[in-house]
């Protein structure tokens, strides 16, 4: 009888141990799945909902850097400013680890993320293009956002002039300012004309008191009187502009006679 009781007790213990093992395996599996779900990155392509403030911050940083570059600064300031932005955000990202990968565009016409083109065909461009990847790792989830920022200030000018007495000319220049392809306002204009209409050598004369009409839609009409060396000298005009963001752009154009 004792042997039978011992056998029954052993069988009961085996069942209890087996049940415990199965329970532990199920629990381990559940925990493993839960942890993997927490660790799995959540990809947000546009970053509109996950990183709206970060994206806005990178845009303002790039605008500031482009204003610096277009006013004579080095293109390296673009990456330097974005790295400082990353450091500032990381230092205040409590409960999460913030990382930002910056890749300035190096595809023609961009070099080190910047494109400055101030030509003689009536078009001037100051632009910056950067590809960014943002990662934020917290206790509950990891978020990733990949996007590009392109900041472009453009100036388009055209001009005409009427011959007055002797070498004096009445000049009218139409200027159109845009930001990212949309009409934008100018902070100021500085107008120059070439004294003899030739760039060999360059002899630019600044217009002292031009008359400016602001149409309120990014289009301006600038009028002034110029006196060239000879009556038949071409009228070559250079318009220097800063938009409301402080980005500098300029363009040259040879005005047509009317």
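Can you tell which of 105, 82 is touching a residue at least 12 places away in the same chain (Cβ under 8 Å) and in contact with a helix residue (DSSP H, G or I) (Cβ under 9 Å, 6 or more places away or on another chain)?
Details: 105 fails: in contact with a helix residue (DSSP H, G or I) (Cβ under 9 Å, 6 or more places away or on another chain).
After ruling out the rest, the residue left standing is 82.
Can you spot a residue in the stretch 57-69 that is under 14 Å from the mean Cα position of the chain (by Cα), over 18 Å from residue 153 (Cα atoms) and assigned by TED's automatic domain parsing to the domain that holds residue 148?
Our first condition is that a residue be under 14 Å from the mean Cα position of the chain (by Cα); within the stretch 57-69, this holds for 57-69.
From what is left, the residues that are over 18 Å from residue 153 (Cα atoms) are 57.
Subsequent filtering for residues that are assigned by TED's automatic domain parsing to the domain that holds residue 148 retains 57.
Within the stretch 57-69, one or more residues are under 14 Å from the mean Cα position of the chain (by Cα), over 18 Å from residue 153 (Cα atoms) and assigned by TED's automatic domain parsing to the domain that holds residue 148.
I'm trying to understand the selection: among the residues of the stretch 112-165, which are under 30 Å from residue 222 (Cα atoms) and either at pLDDT below 90 or assigned to a loop (DSSP other than H, G, I, E, B) (or both)?
Narrowing the stretch 112-165 to residues under 30 Å from residue 222 (Cα atoms): 114-128, 150-165.
Of everything in the stretch 112-165, those that are under 30 Å from residue 222 (Cα atoms) and either at pLDDT below 90 or assigned to a loop (DSSP other than H, G, I, E, B) (or both) turn out to be 119, 120, 121, 122, 164, 165.
If we only count strands (runs of 3 or more DSSP E) wholly inside the stretch 166-258, which ones have 3 or more residues that are under 26 Å from residue 65 (Cβ atoms) and in contact with a strand residue (DSSP E or B) (Cβ under 7 Å, 6 or more places away or on another chain)?
168-179, 186-194, 236-243, 248-254
Exactly one of (1) out of contact with any strand residue (DSSP E or B) (no Cβ under 8 Å at 6 or more places or on another chain); (2) modelled with pLDDT of 90 or more; (3) over 15 Å from residue 131 (Cα atoms) is unmet by residue 8. Its number?
With respect to (1) out of contact with any strand residue (DSSP E or B) (no Cβ under 8 Å at 6 or more places or on another chain); (2) modelled with pLDDT of 90 or more; (3) over 15 Å from residue 131 (Cα atoms), residue 8 is out only on (2).
The values are calculated or read from the model by the stated rules, or taken from the named source; none is laboratory data. The structure displayed is predicted, hence computed values, not measured ones. Cβ: placed from backbone, ideal geometry, glycine included. Neighbour counts: every protein chain shown.
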